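Colleague: Dropping a structure here in C-alpha cells format, bear with me for questions.
Where a number appears in this text, it was derived from the coordinates with a stated rule and is not lab data. Everything numeric in this text was worked out from a predicted model, so none of it was measured. Virtual Cβ from ideal backbone geometry, glycine too; neighbours counted across all protein chains shown.
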Amino acid sequence: MKTITVTELRGNIYRLLDEILITGVPIEVTKGGRKLRITPVARKNKLQNLVPRPDVINGNPDDIVDISWEKEIHLDLP
C-alpha cells in the first residue's frame, strides 16, 4: 500500500483516485502523524444478505408447481 502526504494528495487527487479505482489498491494519507485510508468500496450483491432457510418447504418443492387454489379462493373480479 502506498503512503502519501496531504500535499501530494492535494496536487494529484484525480490521478490518485483513478489509480485506486483501476488497481483496487488503497492509499494511505498521512496528516499530522495520523493516517487516513482511501479505499474502493466493492458493491455487494444484495442476494448475499439472504438468510438460508432450508426448512421452509417441507417436502418436494416440485409439488408446489401443481397446486391449484381455484377451489380455495373465490374472487369476484370484473
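Colleague: Helix 6-23 versus the longest principal axis of the chain: what is the Cα-based angle in degrees, 0 to 90, to the nearest 10?
Modeller: Approximately 40 degrees, to the nearest ten.
Colleague: Name the residues whose placed amide hydrogens come within less than 5 Å of the amide hydrogen of residue 2, ignoring near sequence neighbours (fewer than 5 apart) on the same chain.
Modeller: Amide H to amide H, under 5 Å and 5 or more residues apart or across chains, residue 2 pairs with 28.
Colleague: Using 0.36 nm per residue of separation minus the Cα-Cα distance, give me the extension gain between residue 6 and residue 63 in nm, one decimal.
Modeller: Using 0.36 nm per residue and subtracting the Cα-Cα distance, I get 14.2 nm.
Colleague: If you don't mind, another one. Normalised by the residues of the chain, what does the relative contact order come to in percent, with Cα pairs under 8 Å and at least six apart? Please report the intermediate quantities before stating the final value.
Modeller: On the way: 50 pairs, mean separation 17.2, N = 78.
Relative contact order for the chain comes out at 22 percent.
Colleague: Which of rounded, prolate, oblate describes region 1-41, given a ≥ b ≥ c as roots of the alpha-carbon gyration tensor eigenvalues and a/c under 1.5 marking rounded, otherwise prolate only if a/b is larger than b/c?
Modeller: oblate
Colleague: Okay, next question. In region 27-78, which GluC sites (Glu not before Pro) are in a loop and have at most 10 other Cβ atoms within 10 Å, using DSSP for the loop call?
Modeller: 70, 72
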